[in-house]
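*Asks:* First, the structure itself, so that you have it in front of you.
The values are calculated or read from the model by the stated rules, or taken from the named source; none is laboratory data. Note that the structure is a prediction, hence the values are computed from the model and not measured. Cβ: placed from backbone, ideal geometry, glycine included. Neighbour counts: every protein chain shown. SASA here: full protein model, heavy atoms, side chains in, ligands and nucleic acids out. Shrake-Rupley method; radii C 1.70, N 1.55, O 1.52, S 1.80 Å.
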Amino acid sequence: MTKTLIKGGQIISMDARVGVLKKGDVLIDGEKIVDVAPQISAEDAKAIDASRMIVMPGLVDSHIHTWQTGIRGIAGNWTMGQYLRGMHANLATGFKPEDIYLGNLAGALTQINGGITTIMDWCHNNPTPDHTDAAIDGLFESGIRALFGHGSPKPNPKEGQKHFSEIPHPASEIKRLREGRLSQDNALVTLGMSILGPHYSTYEVTQQDILLAREYALLTSSHMSGGFNRMVPDGIYKMKEAGLLGPQLNVVHGNDLSDEELKILIDAGVKMTVTPEVEIQMGFGDPITGRVMKLGGRPSIGVDVESNIGGDMFSVMRMALQIQRMIDNRPFADAHKPIETLSISPLEALEWVTINGAEMLGMESKIGSLTPGKQADVIMLRADDLNLHPVNNPVNAVVFYANASNVDTVFIAGEEKKKAGKLAYADMSGVMTRLAESGTRILENSGAT
């Protein structure tokens, strides 16, 4: 096996036992981290000089609809209602499998380029098995680590058809994927389910979908809230009573959940994901990052949709942190009193995009920190870039100053996916050309401007 020794970097391990090292080494053997220490000797390893780098675990994007990459910018001025009508009832219906493939490939490469080594790909534009397979093809080809969340489209029903909220997940498709190409839980791309309920489906559909996920031991993710009336107003109480809540359920958004509902979810081990930038644009309400933390939960965060915001997780993390500080500072400002301390630390914000994201995905034993025995998902940021230099505090530098352009090197499972600022993918120009052609065709065919 090939050994790699990353030498002399500023280490942010996100492992409390290792901590932050002003100068340290990381030894990789094959796909795993074998040691993290102030100094490591390994004469048989390929050495990488990290003396001008910040070395840290790869970021985790806990919620992204990667298939929308080819129509970037279309939703920058959309409300949630406009998004549902414009995206799901219109644009999404024009996607061919090739469009889904290109969106997922380019979107995943964008994520790798920005230091994101793992994503939860919430794929809810897969009307046929060919669309699903194309989405998975794009993920595999990119080399990213991904949980593929098999979802369901939301078109307007044609005459004689049921509304999407009344249609349960296709059990045959989950069986096909779970027993086929996504059967291995230790692969780079694994299977999950992205379900509608209980806010966007009937309770019967919610129950059926969760039981299907349990049959195949899959993580289940669900959008809750979004500025619309819930399909099942008391859905969380019904799910609790039926024993449908648990650690393998992920809730995204949750802005309009009551404190009681939120406590029920967190006490049951449900993992909460916040997408702050999209939530504040589309009128969901205040992001619930701080509310989750106060109830003992460990929030993760995600980009959500690149059709209206950038895919840079550094920016999303920074926005999530500062929005929560604003929420927590609001009572003092209203009372014209100065604050004495800040509510959320930069290290806590960094947890949202590393170890918390790993935990949400059920991958905490594999990724999320530079810990011996975990997968070698490692990124290196140029500490001497103009916007970061001088790095007086590496955690603060990453949280408040870094962006995707600072990412120099990316390892996923020990393989170098980006080196010296360039992605290893061979045909980036070809992918970009095809992606632009795909987006243009989708927009023109839909009548969008």
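*Asks:* Sort out which residues of segment 154-174 are in contact (Cβ under 8 Å) with a residue 60 or more places away in the chain and either touching a helix residue (DSSP H, G or I) at 6+ places or on another chain (Cβ under 6 Å) or open to solvent by 80 Å² or more (accessible area, probe 1.4 Å) (or both), and write them in order of number.
*Replies:* Residues satisfying the conditions are Lys154, Pro155, Asn156.
*Asks:* Looking only at segment 136-188, count every residue that is charged (D, E, K, R), under 30 Å from Gly81 (Cβ atoms) and either assigned to a loop (DSSP other than H, G, I, E, B) or modelled with pLDDT under 95 (or both) and tell me the total.
*Replies:* Going through segment 136-188 one residue at a time, the tally reaches 4.
*Asks:* Filter segment 109-135 down to the residues that are assigned to a helix (DSSP H, G or I) and hydrophobic (A, V, I, L, M, F, W, C) and list them by number.
*Replies:* Passing the criteria: Leu109, Ile112, Ala134, Ala135.
*Asks:* Also: Of everything in segment 335-386, what is without any contact (Cβ under 8 Å) to a residue 12 or more places away in the chain and closer than 23 Å to Gly421 by Cα? Give them in sequence order. Talk me through it step by step, then tell me what you get.
*Replies:* Of all residues in segment 335-386, those without any contact (Cβ under 8 Å) to a residue 12 or more places away in the chain come to 335-341, 345, 364-366, 386.
Residue satisfying the conditions is Leu386 alone.
*Asks:* Quick check, is Asn329 polar (S, T, N, Q), closer than 27 Å to Ala146 by Cα, touching a residue at least 12 places away in the same chain (Cβ under 8 Å) and open to solvent by 10 Å² or more (accessible area, probe 1.4 Å)?
*Replies:* When the stated conditions are applied, Asn329 does not pass them.
*Asks:* Quick one: which helices (runs of 4 or more DSSP H) lie wholly within segment 204-318 and hold at least 3 residues that are in contact with a helix residue (DSSP H, G or I) (Cβ under 7 Å, 6 or more places away or on another chain) and either farther than 30 Å from Gly107 by Cα or open to solvent by less than 10 Å² (accessible area, probe 1.4 Å) (or both)?
*Replies:* In segment 204-318, the matching helices (runs of 4 or more DSSP H) lie at 235-241, 259-267, 289-294.
*Asks:* Going through segment 1-23 one residue at a time, which ones are at pLDDT 95 or above and more than 20 Å from Val399 (Cα to Cα)? Don't jump to the end; show me each part of the working.
*Replies:* Pass one, segment 1-23, residues at pLDDT 95 or above: 3-23.
Matches in segment 1-23: Lys3, Thr4, Leu5, Ile6, Lys7, Gly8, Arg17.
*Asks:* While we're looking at this one, here's another question. Do you know which residues across segment 190-205 are within 23 Å of the chain's Cα centre (by Cα), closer than 18 Å to Ser225 by Cβ and among the β-branched types (Val, Ile, Thr)?
*Replies:* Scanning segment 190-205 gives a single hit, Ile195.
*Asks:* Only residues that are within 32 Å of the chain's Cα centre (by Cα) and open to solvent by 20 Å² or more (accessible area, probe 1.4 Å): list them for segment 38-55, please.
*Replies:* Passing the criteria: Pro38, Lys46, Ala47, Ile48, Asp49, Ser51, Arg52, Met53.
*Asks:* Also, quick follow-up: Checking the condition open to solvent by less than 10 Å² (accessible area, probe 1.4 Å) and within 19 Å of the chain's Cα centre (by Cα), which residue from Ala397, Ala349 passes? Spell out how you get there, then give the answer.
*Replies:* Values: Ala397 fails: within 19 Å of the chain's Cα centre (by Cα).
Testing whether each residue is open to solvent by less than 10 Å² (accessible area, probe 1.4 Å) and within 19 Å of the chain's Cα centre (by Cα) leaves just Ala349.
*Asks:* Which of the numbered conditions does Gly58 fail, given that it passes all the others? Conditions: (1) open to solvent by less than 10 Å² (accessible area, probe 1.4 Å); (2) touching a Ser or Thr at 6+ places or on another chain (Cβ under 6 Å); (3) over 16 Å from Gly414 (Cα atoms).
*Replies:* The one condition Gly58 does not meet is (3).
*Asks:* Is it true that Val305 is at pLDDT 95 or above, under 19 Å from the mean Cα position of the chain (by Cα) and closer than 29 Å to Ala171 by Cβ?
*Replies:* It is true that Val305 is at pLDDT 95 or above, under 19 Å from the mean Cα position of the chain (by Cα) and closer than 29 Å to Ala171 by Cβ.
*Asks:* Still on this structure, I have one more. Which numbered condition in (1) of a type in the set (Phe, Trp, Tyr); (2) open to solvent by 10 Å² or more (accessible area, probe 1.4 Å); (3) part of a helix (DSSP H, G or I) is the only one that Trp78 fails?
*Replies:* Of (1) of a type in the set (Phe, Trp, Tyr); (2) open to solvent by 10 Å² or more (accessible area, probe 1.4 Å); (3) part of a helix (DSSP H, G or I), only one is false for Trp78: (3).
*Asks:* Further, regarding this structure: Among the residues of segment 361-372, are any farther than 27 Å from Asp304 by Cα and of a type in the set (Asp, Glu)? Before the answer, list the steps.
*Replies:* First, pick out the residues of segment 361-372 that are farther than 27 Å from Asp304 by Cα: 371-372.
Checking which are of a type in the set (Asp, Glu) leaves us with none.
No: zero hits.
*Asks:* Of all residues in segment 111-142, count the ones that are crowded, with 23+ Cβ neighbours inside 10 Å and either of a type in the set (A, V, I, L, M) or closer than 27 Å to Glu351 by Cβ (or both).
*Replies:* 17
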